[in-house]
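Below you'll find the structure, written out as structure tokens, and then a few comments.
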Amino acid sequence: MGIHFGVDYYPEHWPRERWETDARLMKEMGVQVVRMAEFSWFKMEPAEGEFHFEWLEEAVALLDSYGIKSILGTPTAAPPAWIIQKNPEIQPIDRQGRRRHFGGRHHDCQSNPDYRVHIRRFVTAFAKRFADNPGVIGWQIDNELGNSHGDLCMCDSCKRQFQKWLGRKYGTVEVLNEAWGTAFWSQGYNSFEQVGTPLITAVGENPSAMLDWKCYCSDLIVDFADWQAQIIRENCPSHFITHNFMCFDNKVDYYDLAGLMDFVSNDIYPAGHWQKQPHQPDNELAACHDVIRGYKKKPFWMMEQQSGMAGWEIMGRALEPGQMAAWAMQSVAHGADAVVFFRWRTCAMGTEQYWHGILGHSGNPGRIYNEAKRLTETFTKYMEEFEGSMPCPEVAIVHSFRQNYAFDIQPNHPQLRYVEQLQKYYKAFYDRKIPVDFVQDMDDLSQYKLVIAPLQYLMTPELEQHYMDYVADGGNLVLTMRTGVKDATNLCMTDRELPGRLGDLCGIEVPEYDCLLETTGGVLYGKKEYEIEKWCDIITLKGAHQIAEYSTGFYKQTPAITENKYGSGTVWYIGTEPGEELMEDIMTYITRICEIEPLGTAADGVEMMTRESEEKVWLFVINHTADEQVYHLHGMYTLLEGACEEFLQPYEVQLFEGYKRRK
Ligand code: GAL
Ligand code: ZN
């Protein structure tokens, strides 16, 4: 497409006279694309049916005259006050049954039929108006779908939709009663009409009902996006459609949402004030990019890449010199074909006054602008080459929204978080410079030498068979604690000991377990004692052999980690959450058995990642630290960018080119 760097731009926040200066400065910085208008409904339709697109056309044309293309966002995450006045019931209801009102954003119910009428009118006019505009190349639907929709929406319209959804899923209310286990606490229903949205209860909630609710909410959001995408495609067939996802966020199943998009986009704010301090660790960011690539198994765009200090009422840390560029190139290393920085100029009004951009409030180019300019000058030409290329990892980690929902509903241990658990496994590979893909459980796994499937809590006969086939055919699989505990509707399995049929695969049984509340435990592996956390499965060997044992608890000296040959493959069962050290040592052992080669060696904070085309491999070495670093590569590469091989300046990004690895 020839477009690799851009900014999120809000010309409507600034006087018309300033726009030309913006366009010129953007061009000089190497900006090739802007995203605009995703929060400008009132400006484009100040009263029903009165469309004012001229200002946006003017901005698009001006930018186009500087060679900058536009992506337009449908502004449906912030309906204007006149819509709310006409249809106040569009405003969502929270779990407490309270209405959430106009004045911020996301004050909309996505199932509300009146809201859909407003959207159809507006989006049809919007798409028609820009369909043949030479400056426009694509659309973003809504903005960060699912964001701020934590507990929303419990309104009557959502209730009716939920009932219909349940009707389609279960057919009869008797089947629902069975699937939800409503014999407990007298929760049986005589008809679907009796089923409500999960408004706050006196105490407790039904885990099966909650799982269906979360899946319904996800389906609603997917439907909302799909329906908008259809309006755009009918009226404007030649443009691409994308959406800005939020890494691992789980309000909507991103695998489903990705299916509607021409490509996936992502938003990332490593130094947001809500992140771990001073910023989200580079391994976690890397995992975010990998999961985003996994949603569509395709390269993606960064639609909002942090460019300045981030905050609303409170601010996070300032970005150190070089940090923004290192984070941007990290996105590219993991599969981004374009990086759009949020935002062009720091806004002087509204909630986001302190969410800083490429330019500060003054609008004068400064340190961040110059850094972005250097970045585009160095890397635009390579990005043209990278376009479409993909990382090709040998290791996959299984990721599932349904498992995530189930652990949100019942964490088992108060500190157990599904995504955090995945991140812990991921880090063991990242630190050892071994690239990872995220995959869905039922994906074809045969291309991977090693598959890690943590917390396979909800289980189906099909998934059991899938894992057994993968290992039988020579795959190497890691399964963990809390596997095979529940069926697909979130009822506990009762037909055999845990982990169900996967016990045959693993050569074990787990008749008992222990929850490490407010304490940690120990494991003996080799000659060393290690810390473990949260959970201990008490394991009986049924053919597997033990590779680590507990050193604490009444089950001390019983197996904690086991290994089993099955068909032509091997399966490991990890009955606990390994502390960081044990995780590292166990994964070193497992990757050695699987003959997985790291890209090189370096300290933590130095990242290595590759993208591959038909013939070439590009290797990125990124220093995420403020210190000088040394590293060593395994393999033959030619340095394309960077001062000195095997040595990195603080936050330096080096780029190498090499020949294809032989598989
Ligand atoms: C993102 C959002 C943007 C902007 C930014 C800063 O999550 O997509 O619209 O709000 O955060 O708050
Ligand atoms: Zn609603």
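The values are calculated or read from the model by the stated rules, or taken from the named source; none is laboratory data. All values reported here derive from a predicted model rather than from experimental measurement. So basically every Cβ, Gly included, is an ideal-geometry build from the backbone, and we count neighbours across all protein chains shown. We work out accessible area using only protein heavy atoms, side chains counted, and drop any ligands, DNA or RNA first. Shrake-Rupley method; radii C 1.70, N 1.55, O 1.52, S 1.80 Å.
The residues on offer are 58, 12, and the sole one that is over 27 Å from residue 332 (Cα atoms), more than 33 Å from the chain's Cα centre (by Cα) and assigned to a helix (DSSP H, G or I) is 58.
Number of residues in the range 291-315 that are outside any strand (DSSP E or B), within 15 Å of ligand 1 (Cβ to nearest atom) and open to solvent by 10 Å² or more (accessible area, probe 1.4 Å): the value is 4. For the condition in contact (Cβ under 8 Å) with a residue 60 or more places away in the chain and open to solvent by 30 Å² or more (accessible area, probe 1.4 Å), residue 627 does not qualify.
Counting only residues that are away from ligand 2 (no atom under 12 Å from the Cβ) and polar (S, T, N, Q), which one in the range 88-124 is modelled with the highest pLDDT? For the range 88-124, the residue satisfying everything is 124. Residues in the range 432-463 that are part of a helix (DSSP H, G or I) and either open to solvent by 20 Å² or more (accessible area, probe 1.4 Å) or in contact with a Gly (Cβ under 6 Å, 6 or more places away or on another chain) (or both): 461, 462. Kindly indicate the residue of the range 325-353 that is under 21 Å from residue 71 (Cβ atoms) and among the aliphatic types (A, V, I, L, M) and also surrounded by the most Cβ atoms within 10 Å (Cβ to Cβ) among those meeting that condition. Restricting to residues being under 21 Å from residue 71 (Cβ atoms) and among the aliphatic types (A, V, I, L, M), the top hit is 340. In the set (1) surrounded by fewer than 22 Cβ atoms within 10 Å (Cβ to Cβ); (2) in contact with a Phe, Trp or Tyr (Cβ under 9 Å, 6 or more places away or on another chain), residue 426 fails one condition alone, (1). In the range 136-167, the residue that is surrounded by the fewest Cβ atoms within 10 Å (Cβ to Cβ) out of those that are within 16 Å of ligand 1 (Cβ to nearest atom) and within 19 Å of residue 113 (Cα to Cα) is 149.
Note on the range 488-503: residues that are without any contact (Cβ under 8 Å) to a residue 24 or more places away in the chain, of a type outside the set (A, V, I, L, M, F, W, C) and under 26 Å from residue 213 (Cα atoms) total 1. Restricting the search to strands (runs of 3 or more DSSP E) fully inside the range 563-603 and requiring at least 1 residues that are open to solvent by 30 Å² or more (accessible area, probe 1.4 Å) and in contact with a strand residue (DSSP E or B) (Cβ under 9 Å, 6 or more places away or on another chain) gives 600-602. When the range 8-51 is examined, which residues are found to be away from ligand 1 (no atom under 16 Å from the Cβ), hydrophobic (A, V, I, L, M, F, W, C) and in contact with a helix residue (DSSP H, G or I) (Cβ under 7 Å, 6 or more places away or on another chain)? 19, 23, 29, 44, 47, 51, listed by residue number. Residues that are touching a helix residue (DSSP H, G or I) at 6+ places or on another chain (Cβ under 9 Å), within 16 Å of ligand 2 (Cβ to nearest atom) and either assigned by TED's automatic domain parsing to the domain that holds residue 227 or farther than 30 Å from residue 54 by Cα (or both) occur at least once in the range 131-142. For the range 150-192, filtered to residues that are free of Cβ contacts under 8 Å to residues at least 24 places away in the same chain and in contact with a Ser or Thr (Cβ under 7 Å, 6 or more places away or on another chain), the residue that is farthest from residue 222 (Cα to Cα) is 188. Of all residue pairs spaced 6 or more apart or on separate chains, those with beta-carbon atoms under 6 Å, a first member in the range 408-423 that is part of a helix (DSSP H, G or I) and a second member that is of a type in the set (Phe, Trp, Tyr) are 418/407; 419/248. If the condition is being part of a helix (DSSP H, G or I) and more than 19 Å from residue 112 (Cβ to Cβ), then the range 230-249 contributes 232, 233, 234, 235.
Within the range 33-54, restricting attention to residues that are farther than 23 Å from residue 345 by Cβ and part of a strand (DSSP E or B), which residue is least open to solvent (accessible area, probe 1.4 Å)? Checking each candidate, the answer is 47. Flag: residue 470 matches the condition of being open to solvent by 10 Å² or more (accessible area, probe 1.4 Å), of a type in the set (Phe, Trp, Tyr), on the phi < 0 side of the Ramachandran plot and out of contact with any helix residue (DSSP H, G or I) (no Cβ under 7 Å at 6 or more places or on another chain).
Just one of the listed residues (533, 580, 614) is at pLDDT below 95, more than 23 Å from residue 468 (Cβ to Cβ) and of a type in the set (Asp, Glu), namely 614. For the range 583-634, which positions are among the aromatic types (Phe, Trp, Tyr) and closer than 21 Å to residue 424 by Cα? Result: 589, single match.
When we screen 519, 558 for residues that are more than 30 Å from residue 433 (Cβ to Cβ), of a type in the set (Ser, Thr, Tyr), out of contact with any strand residue (DSSP E or B) (no Cβ under 7 Å at 6 or more places or on another chain) and surrounded by fewer than 23 Cβ atoms within 10 Å (Cβ to Cβ), the only hit is 519.
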